[in-house]
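The structure appears right after this line, and notes come after that.
Just so it is clear, none of the values below were taken in a lab; they were calculated from the coordinates. Here the structure is a predicted model, which is why all the values come from computation and not from measurement. Quick reminder, even Gly has a Cβ in these numbers, built from the backbone with ideal geometry, and neighbours come from all protein chains shown.
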Amino acid sequence: MTVLDASALLAFLFREPGHDKVVEVMSEACISTVNLAEVLGRFSRDGVDAGPIGRRLCDSALEIVPFSRQQAELCAAMLPRTRLLGLSLGDRACLALAMDRQSVAMTADRQWVALEDMADVVLIR
C-alpha cells in the first residue's frame, strides 16, 4: 500500500514530472481525506468545479481514508519536528496515515526525506 500526498496525486492528474511513478502504484494506493481536500481545493482555486473530479477519484481504485482521531494525534505529535521543515497539516496528515498503516508515503516534497525515520518516503521526482 502506498499513501499519496496531494502533490503526488496532483502530479498524476496534471501529468507532471513523476506522474509515471504514481501510475505504477495507483491501483493499490490510498489518500487521506485531508489530502483529497487539498487536491480538490486546487481545482476550485483555479475556477474548476471540483465535484466531477472528486466523484471520478472516488469511483477509481484509489482508497479514500477518513482522517481519524489517531491520525490527528500523530499529526499533532510531529508538529514540533516538522515545523522547521515547513510541513503543512496536509503533509502531516499524509505521513500520519502512512505511519498508521505502516506504509510508504509518496510525495513530490523533497524535505520529507529528512523524516524517513518516521515513515518510508518515496519521492516522485
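Counting only strands (runs of 3 or more DSSP E) that sit completely within the range 1-100, those holding 2 or more residues that are under 11 Å from the mean Cα position of the chain (by Cα) and buried (at least 19 other Cβ atoms within 10 Å of the Cβ) correspond to 2-4, 29-32.
A quick yes/no check of all residues on (1) closer than 23 Å to ASP100 by Cα; (2) touching a residue at least 40 places away in the same chain (Cβ under 8 Å); (3) of a type in the set (S, T, N, Q); (4) in contact with a His (Cβ under 8 Å, 6 or more places away or on another chain):
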residue	(1), (2), (3), (4)
ASP5	yes, yes, no, no
ALA11	no, yes, no, yes
PHE14	no, no, no, no
LYS21	yes, yes, no, no
ALA29	yes, yes, no, no
SER32	yes, yes, yes, no
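Selection within the range 101-118: residues that are of a type in the set (A, V, I, L, M) and without any contact (Cβ under 8 Å) to a residue 40 or more places away in the chain. The member of this set that is surrounded by the fewest Cβ atoms within 10 Å (Cβ to Cβ) is VAL113.
Counting only residues that are touching a helix residue (DSSP H, G or I) at 6+ places or on another chain (Cβ under 6 Å) and β-branched (Val, Ile, Thr), the range 86-125 holds 3 of them.
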